[in-house]
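A short write-up of the structure that comes next.
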Amino acid sequence: MQLSSSKRKTFLSFQPPAIGPEEIAAVTETLESGWLTTGPRAEELERRLAELTGARHALAVASGTAAMHLSLVGLGLGPGDEVITTPITWPATANVIVHTGAKPVFVDVRDSDLNIDPDLVAAAVNEKTKATLPVDLAGQPADLDPLVALGLPVVEDAAHAVEARYRGRRIGSIARATCLSLYATKNVAAGEGGAITTDDDALAEEVRELRLMRRSHGSLYDVRTAGFKANLSDVLAAIALCQLDKIDAHAEIRRRHVEAYDAAVADLAGITPLARDPRDRHALHLYIVRIDPEDAGADRDAYQRALAEENIGTSIHFLPVHTLTYYREHFPNQPSLPVAERAGGEVLSLPLSPAHSDEDIADAVDALRRVHARFAS
Ligand SMILES: Cc1ncc(COP(=O)(O)O)c(C=O)c1O
């Protein structure tokens, strides 16, 4: 294979936002409308997300983290309870369990896609287990059916997976609560924001109250619980609505980029993308490869540094949460999770955004080939 020798001239950001004139106009219009906080655009976003997912309720909130936190609080989780979750996630997934007073119990992931292993979840359930919290890593839905079959509420961290389908079904109402993120890098990016979708009327009612600390009684008000402030601003909802209009166009661009990566890494010994289950629709949020230092000639950290020197930005999704300082100090008896711990040292996410051009991705591929030729020869 011919290797191009020229390094990219400017730094390629890992996941730049794909913001166009539509989003800018929508923000201006919202500011001119006088609605800065939650208003008609947040409500429209909820209608659109319910339509997209097929769920009975969609509740817009301030972040994906808030979506998970309010779902757990709304389900009544608290001190003395345990929630089983995955170590291969952003720490927010575990932090929200801690914030309810419950204990996060980490079980290992599958080697193929690094999603939580349902057999290990089943083995970890005890009388204190009150929910499971799987993650749809990179956009690959977690294996939801066996988790739902356990009879415990499933709160799904679908921050990466807004457009995913699991065995032909849209995510959004398979789990008891499906938690979306509108963070700057996500497939529907508002900068910040999140949403909960659910078919559970009682949970939707709880979350509606918890997110805005309010229950109206005509012109008076009352509080039943010490609620939160986690509603979504209309300014952000306006951006999210534009992004929803582009969801198919953006998915098509990401699909093309993923194809280019798949073709490239097929030739690179020791660099393997995470498995994508052909029975599902993957949301293609991240392109994560694992770097086996034996076959690839160097470890993940060396590859990341070498790619940065080539002006290619990358990221790590994720370091195992149970190995991070807070969790080591507060949950010291956590058994080792060998698959997650090995993967934590091998995963590297390559640039992937609808804002990237085909040439950007070709630059990333060329750089990866050059680095690989240097390390693996
Ligand atoms: C897997 C995962 N869960 C949860 C979150 C938190 O979402 P947010 O940033 O909207 O709070 C993120 C990332 O941002 C994430 O990657």
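The values are calculated or read from the model by the stated rules, or taken from the named source; none is laboratory data. A quick note: this is a predicted structure, and the numbers were derived from the prediction, not measured. Cβ atoms come from the backbone with ideal geometry, glycine included; neighbour counts cover every protein chain shown. These area figures cover heavy atoms from the full protein model, side chains too; ligands, DNA and RNA do not enter into them. Shrake-Rupley method; radii C 1.70, N 1.55, O 1.52, S 1.80 Å.
A Förster radius of 30 Å, combined with the Cβ-Cβ distance separating K128 from D277, puts the computed FRET efficiency at roughly 0.45. Summary of packing: across the peptides 94-107, 135-148, the per-residue average of other C-beta atoms within 10 Å ranks them, highest first, as 135-148, 94-107.
Region 128-179 and region 225-271 have Cα centres separated by 18 Å. Length, then width, then depth: along the principal axes, the Cα atoms of region 57-140 run 33, 31, 23 Å.
Dipole size of region 21-245 about its Cα centre, with +1 on Lys/Arg Cβ and -1 on Asp/Glu Cβ: approximately 440 debye, rounded to the nearest 20. Helix 40-53 and the longest principal axis of the C-alpha atoms of the chain enclose an angle of approximately 60°.
Nearest 10 degrees, 0 to 90: what angle lies between the long axis of helix 300-309 and the longest principal axis of the chain (Cα atoms)? So the inclination is approximately 80 degrees.
Considering all different alpha carbon pairs of region 1-54, the Kirkwood hydrodynamic radius works out to 15.3 Å. Cβ-Cβ distance of S13 and D222, R₀ of 45 Å, FRET efficiency by 1/(1 + (r/R0)^6): the value works out to about 0.40.
If each residue of separation counts as 0.36 nm, what is the full-extension length gain between A263 and R328 once their alpha-carbon separation is subtracted?
Working: separation 65, 0.36 × 65 = 23.40 nm, distance 3.94 nm.
Here the answer is 19.5 nm.
Considering only Y183, Y326, Y221, the Gaussian network model of the chain with Cα springs below 10 Å gives its largest mean-square fluctuation to Y221.
Inter-part distance, region 294-349 to region 1-61, computed on C-alpha centroids, equals 29 Å.
Under a Gaussian network description of the chain, with springs only between Cα atoms under 10 Å, the residue in E127, E259, E294 that fluctuates furthest is E127.
Once the gyration tensor of the Cα atoms in region 96-170 is diagonalised, the equivalent ellipsoid follows with semi-axes of 20, 14, 12 Å, ordered largest first.
How much of the accessible area of region 247-376, in percent, comes from carbon and sulfur atoms when a 1.4 Å probe is used?
Working: 2800 of 5600 Å².
The computed percentage sits at 50.
Remark: region 21-245 is approximated by an ellipsoid whose semi-axes, taken from the C-alpha gyration tensor as √(5λ), come to 29, 21, 14 Å, largest first. This model, with +1 at the C-beta of Lys and Arg and -1 at the C-beta of Asp and Glu, gives the chain a dipole about its Cα centre of some 340 debye.
Positive contributions from Lys and Arg (+1) and negative ones from Asp and Glu (-1), summed over other residues with Cβ under 12 Å from the Cβ of D262, come out at +1. For the chain, the Cα gyration tensor yields ellipsoid semi-axes of 35, 27, 17 Å (square root of five times each eigenvalue, largest first, whole Å). Scaled to the globular estimate 2.2 N^0.38 Å, the Cα spread of region 247-376, given as radius of gyration, is 1.14. Could you tell me what percent of the DSSP beta bridges with both partners in region 21-245 are antiparallel, to the nearest 5? Antiparallel bridges make up about 50 percent of those DSSP assigns within region 21-245. Rounded to the nearest 10 degrees, the angle from helix 358-376 to the longest Cα principal axis of the chain is 60 degrees. Using a probe of 1.4 angstrom and keeping all protein chains present, the accessible surface of the chain works out to 42 square angstrom per residue.
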